[in-house]
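Okay, structure first, notes after.
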Amino acid sequence: MLHTVLRRRANGESVEQIQPDLPTGKRRGQAPSVASIYRALAEHEKQEAYPEAVAQAHADSADLQDHDDIHCPRRVRIRRPDDPLTPTPAGP
């Protein structure tokens, strides 16, 4: 979709003229909305303007996916006032 929009905008067409001719997206039988097209264009311009920032954001995201060093809280049992202080094995 984005390639078609960029090509046709370079030829002088407006987004409103391009929108009906685009292939259907998630919604079967309907072209993407004009707002979706403008969002895609804005994202493309951001990637073109700040390629190193986009690359750094992708690298940071990949680092976060490797969560071996991230502390994950363990499940605990909340005591009631009448429960003993010593741990007892959980039964079926």
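The values are calculated or read from the model by the stated rules, or taken from the named source; none is laboratory data. Computed from a predicted structure; not experimentally measured. No Cβ is skipped: glycine too gets one built from the backbone with ideal geometry, and neighbour counts run over all protein chains shown.
Filter segment 1-32 down to the residues that are outside any helix (DSSP H, G or I) and surrounded by 13 or more Cβ atoms within 10 Å (Cβ to Cβ), then identify the one that is farthest from the chain's Cα centre (by Cα). Spell out how you get there, then give the answer.
Quick first cut of segment 1-32, residues outside any helix (DSSP H, G or I) only: 1, 11-14, 22-32.
This time we only want the ones that are surrounded by 13 or more Cβ atoms within 10 Å (Cβ to Cβ), so: 1, 13, 22, 31-32.
Working: Met1: 18, Glu13: 29, Leu22: 23, Ala31: 21, Pro32: 18 Å.
Looking at the filtered set, the residue picked out is Glu13.
When only residues in segment 1-45 that are small (Gly, Ala, Ser) and touching a Ser or Thr at 6+ places or on another chain (Cβ under 9 Å) count, which is modelled with the highest pLDDT? Let's see the steps before the verdict.
At the first step, the residues of segment 1-45 found to be small (Gly, Ala, Ser) are 10, 12, 14, 25, 29, 31, 33, 35-36, 40, 42.
Subset that is touching a Ser or Thr at 6+ places or on another chain (Cβ under 9 Å): 25, 31.
Values: Gly25: 62, Ala31: 82.
Checking each candidate, the answer is Ala31.
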